[in-house]
Amino acid sequence: MAKSKRFESRRSRAAVGVIIAVVVALAAFFVYRGTSGNAEAAVTYTTGVVQRMTLLSSIDGTGNIELPQTASVVPAVSGEVGGLELEVGDRVEKGQVLFTLTNPQLDVAVAEAQNAYDKAVLAIDLAKLDLTSAKTTLSDLYASYHTSLQLKQAKANVASAQLAVTAAENALASAEIALAEAKENAAARTVTAPISGVITSLSVKNGDTVVGGGGTVMVITDPDVYQATITLAESDISQVEVGQKAILTFDALPDLTQTGKVTRVDMTGTNESGVVSYSVVITPDEMDASVRGGMTVSVSIITDVAENVLAVPSSAVKSSPRGKYVQILENGQPVNVTVEVGLSNDSYTEITSGLSEGQEIIIATKTAGGSSTSTTTGGRPGMLEQGGFIIDGNGPPAGFQPPGATPIPPSQ
């Protein structure tokens, strides 16, 4: 009887163990089902399509607008300033009278130079008459009886007269130059604008006395002609050359975009704290009146162009040990497609093989909780890594579906 009870006790404990095992298994099954159900919305994908476009590659830099056409007004002669009715900010035209200088000595200099010129003209006339007379005397001697001494003297007189004419001609040339300079100096008392533009600096007023060549009294800048000067790192400068096209945008003028071209590239860099940089000048194709000197400008220098090519967002192109690939959706599952790439920039990458125009591709992944990323790792071609499992792109093994590998909702 005691043996029977002990046997029944062992049977009861075994039954309880079986029941516990069944409960645990059922619990694990329902937990897995719940986890699997929650994974329905664990991963979504944003898709795009392969497009045909013109793709640009560029080197970007920032700098400022400069006004290169600037002229300094430096009076050529001394005098007292008069007739100045302009101020900083006024616009002037090339050749416009800015002010005059009073200097009576310049009138005296013109008169003296004119007198010297007139005398030189008279002197050359007299010298030519003497030469003609000497030549006539020599000719008469040849035609009549003469001694050798007379002939010798006549020839010497002709030579001397010829030298006098030459000297008179040289004196006349010098007098002519002196008269022209005197007149030019006198005319310089009327100071005119060397270029059209706006007065940006003025340091004299009526009644002031200035010294000829003594320094700048006015600066005129043409605000209608400008250029962009930017600084590029030494790692980029080798890709830039004169003639390349560029796109200019302005912080202060968000609605303005201009085209231009590179017109100067510095051959020697500037070293500041061990960092070498180079200045590059870009001239716009057209000038815009709203642009001002000193404005901040951003420039994209076009270094390469690929026209009418297939391209995808750069975020869609991934890397693996076997090369580049892009993911597509097949039967709701991501599949890696090996591609060859060409030109690329921050936004798009050229696809030279592997995809066709209009083909749908994955460009971003969104996980549960709202986080998103444009990076999806691929362990092997045709495989997608999810939740610590590597799942074949055509679907998980029959009868088993781990968390994160549930069907992918349609892209939006």
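Structure summary
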| read-out | value |
| --- | --- |
| Modelled FRET efficiency - R0 41 Å, Leu163 with Val265, Cβ distances, 0.05 increments | 0.10 |
| Size of segment 104-188 as Cα extents on the principal axes (Å, biggest first) | 63, 13, 13 |
| 17 Å Cα-Cα reach of Lys318 towards aspartates and glutamates, excluding residues that sit fewer than 8 places from it in its own chain | Glu340, Asp346, Glu350, Glu360, Glu385 |
| Charge dipole (segment 104-188, unit charges on Cβ, about Cα centre) - positive-most of His146, Leu129, Asn185 | His146 |
| Nearest-20 debye value, segment 32-186 charge dipole, Cβ charges on Lys, Arg, Asp, Glu | 840 debye |
| Net charge over other residues, Cβ less than 13 angstrom from the Cβ of Ala113 (K, R count +1; D, E count -1) | -4 |
| Burial order of peptide ranges 358-365, 209-216 (average beta-carbon count within 10 Å, highest first) | 358-365, 209-216 |
| Reciprocal of mean inverse Cα separation for segment 155-291 (Kirkwood radius, Å) | 21.3 Å |
| For peptides 336-343, 265-272, sequence by mean Cβ density within 10 Å, most packed first | 336-343, 265-272 |
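Values in this text are rule-based calculations from the coordinates and carry no lab data. A quick note: this is a predicted structure, and the numbers were derived from the prediction, not measured. Note: ideal-geometry Cβ built from the backbone for every residue, glycine included; neighbour counts use all protein chains shown.
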